[in-house]
Structures are given as C-alpha cells and as structure tokens.
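Beneath this line is the structure, given in structure tokens, with notes to follow.
The values are calculated or read from the model by the stated rules, or taken from the named source; none is laboratory data. Everything numeric in this text was worked out from a predicted model, so none of it was measured. All Cβ positions, glycine included, derive from the backbone under ideal geometry; neighbour counts span all protein chains shown. Ligands, DNA and RNA are excluded from the accessible area calculation, which covers all protein heavy atoms including side chains. Shrake-Rupley method; radii C 1.70, N 1.55, O 1.52, S 1.80 Å.
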Amino acid sequence: AQSVSQHNHHVILSEAASLELGCNYSYGGTVNLFWYVQYPGQHLQLLLKYFSGDPLVKGIKGFEAEFIKSKFSFNLRKPSVQWSDTAEYFCAVRGNYGQNFVFGPGTRLSVLP
Amino acid sequence: DGGITQSPKYLFRKEGQNVTLSCEQNLNHDAMYWYRQDPGQGLRLIYYSQIVNDFQKGDIAEGYSVSREKKESFPLTVTSAQKNPTAFYLCASSPLDRSQGTQYFGPGTRLLVL
C-alpha cells in the first residue's frame with residue numbers, strides 16, 4: 001500500500017528564513033506528486049504538482065519542489081518565507097494506475113514576524 | 001463561480017444519531033471523495049465515487065455511508081456505528097482524466113459529538 005511521510009510535525013521560522021519541508025513516499029511504480037496548503041480558516045488548495053518531465057517544479061507564491069526518484073522524495077522549498085506562509089502543508093501521492101490520493105500527516109509551519 | 005460547497009459548517013451529533021453531511025460541486029467532475037482530517041494524521045479517505053450510482057470504500061469506511069444519485073452531489077452519512085466521529089470532514093472532486101488530475105476541496109464540515 002502507498003504511504004506518505006512528512007519529516008516535521010511543526011516548523012517555526014522567522015520571516016526571510018529559508019524553508020524546506022520533507023516528503024517521502026512508498027510506492028514502486030510511477031507516481032503523481034502534490035503539495036497542498038491549508039491556510040487558517042481556508043480551503044485546502046494546490047501549491048504545486050509533478051506529473052512528469054522536469055523534476056524541479058514551481059508553484060504558486062514562490063514555492064518549488066524537487067522530485068528525486070532515487071530517494072522517493074518530493075521536498076518543498078521556499079528561499080524566503082513570509083508571515084503569510086503560516087499554514088499547514090500536506091504532501092500527497094497518487095499511483096499511476098489508481099485514482100486515489102494518499103496524503104501525508106501534514107507539517108504545520110509558523111512564521112514569526 | 002465554480003467550486004465545491006459543503007454544509008453545514010458545524011454539525012452536532014447526539015449519541016445514537018445518524019447525521020448527513022452535504023457536498024455539492026459544479027465543476028462537472030466525475031470523481032468525488034470524502035476525507036476525514038484529524039490533528040497529526042493528515043487526510044484519510046472514507047469513500048470515493050468515480051461515477052453516478054457507484055462508490056468504493058476508502059481506508060476508514062466503517063461507520064459511514066454514502067450515495068451518488070447525481071453527478072453533482074455526494075452526501076456522507078455518519079452513522080451511530082461510528083464511535084469516534086468528532087473530526088473535520090472534507091469533500092473533494094477531480095476530473096477522471098488523469099492529465100487534469102488534481103483534487104479540488106470544499107471548505108469542510110466540523111462534526112462535534114454532544
């Protein structure tokens with residue numbers, strides 16, 4: 001069965017610090033990979049996705065993620081965080097032959113002004 | 001304005017009571033999903049449906065039931081058999097075409113037990 005792990009439960013950073021949130025998945029075949037964000041009181045929304053091609057994908061609000069197939073990883077990065085990035089971040093994976101998405105437990109990011 | 005609506009925003013359940021959470025989408029998506037979100041556990045799949053009148057159990061279907069009589073609607077019933085129903089419930093939809101394939105989420109319903 002597919003599973004997704006996220007390295008950190010809660011990350012606290014100061015504004016302008018760099019961010020990297022870890023995501024690893026277990027699945028033997030081709031996958032689609034996603035990062036979703038849930039801002040306080042708002043819908044879960046897509047940050048970025050990887051289907052194929054360039055393993056470095058860019059998303060909204062200056063976020064990017066790198067797919068490293070050999071490490072089964074899809075880490076999320078941002079060079080300089082803002083207070084408005086305070087949110088919960090979820091990594092998700094979908095196998096290429098299934099319809100279901102499997103989500104990680106989430107990482108809560110708190111950015112201090 | 002396309003999207004997914006869920007109602008109510010908050011729902012209270014008494015012991016032994018069944019309650020139904022509404023989910024409607026106007027995105028013309030074939031697939032719809034119900035997730036349960038608990039702190040520190042991410043989103044866990046309860047049920048999903050890829051077509052009208054057909055649905056499949058997810059990882060934690062026990063104590064829940066669904067129906068899919070219309071493409072736009074996918075209501076979830078939390079039955080009295082669900083012993084720990086307090087959670088945040090999220091509905092989502094996606095196109096079946098995998099090349100389009102992200103999920104869109106509703107605002108959620110928070111269920112509390114009295």
Dipole of chain A, Cα-centred, from +1 at each Lys and Arg C-beta and -1 at each Asp and Glu C-beta, to the nearest 20 debye?
-> 220
Residues of the protein assembly as shown: accessible area per residue with a 1.4 Å probe, Å² = 48
How high is the relative contact order of chain B, in percent, counting Cα pairs under 8 Å that sit 6 or more residues apart?
-> 35
Short to long, in 5 Å steps from zero, the percent of alpha-carbon pairs of segment B:18-96 per bin is 3, 17, 29, 26, 15, 8, 2
Loop sites in segment B:71-114: trypsin sites (Lys or Arg not before Pro), DSSP, at most 11 other Cβ within 10 Å | B:Lys83
Quick shape check on segment B:12-55: root eigenvalues a ≥ b ≥ c of the Cα gyration tensor, a/c under 1.5 is rounded, otherwise prolate if a/b tops b/c, else oblate, and it reads oblate
From other protein chains only, count the Cβ atoms within 10 Å of every residue's Cβ in A:101-108, then give the mean.
-> 5
Which whole-number percent gives the relative contact order of segment A:10-113, counting Cα pairs below 8 Å spaced six or more residues apart?
-> 38
Above-threshold pairs, the threshold being 20 Å between Cα atoms, out of B:Lys14/B:Lys57; A:Lys69/B:Lys57; A:Lys61/B:Lys9; A:Lys49/A:Lys69; A:Lys49/B:Lys9 | B:Lys14/B:Lys57; A:Lys69/B:Lys57; A:Lys61/B:Lys9; A:Lys49/B:Lys9
Across 5 Å bins beginning at 0, the whole-percent shares of Cα-Cα pair distances in segment A:6-69 come to 4, 13, 23, 27, 20, 9, 4, 1
Would you mind classifying the protein assembly as shown by shape? Square roots of the alpha carbon gyration tensor eigenvalues, ordered a ≥ b ≥ c; an a/c under 1.5 is rounded, otherwise it is prolate if a/b is larger than b/c and oblate if not.
-> prolate
Convex hull around the C-alpha positions of chain A: the volume in Å³ per residue is 96
On complex formation of A with B, accessible surface lost, both sides summed, probe 1.4 Å, nearest 100 Å², amounts to 1800
Which cross-chain or sequence-distant (5 or more) residues have an amide H under 5 Å from the amide H of A:Glu15, H modelled 1.01 Å from N in plane?
-> A:Leu112
In nm, to one decimal, how far is the A:Asn8 label point from the B:Thr86 one, both placed 7 Å along Cα→Cβ?
-> 3.0
Counting only DSSP beta bridges with both residues in chain A, tell me the antiparallel percent, nearest 5.
-> 90
How much FRET efficiency would the formula 1/(1 + (r/R0)^6) give for B:Ser7 and B:Asp59, where r is the Cβ-Cβ distance and R0 is 35 Å, rounded to 0.05?
-> 0.90
Segment B:1-51: relative contact order in percent, alpha carbon pairs under 8 Å with at least 6 residues between = 31
Is the shape of segment B:57-114 rounded, prolate or oblate, going by the alpha carbon gyration tensor and its root eigenvalues a ≥ b ≥ c, with a/c under 1.5 for rounded and a/b larger than b/c for prolate?
-> prolate
Fraction of accessible area attributable to carbon and sulfur, chain B (%, probe 1.4 Å) = 47
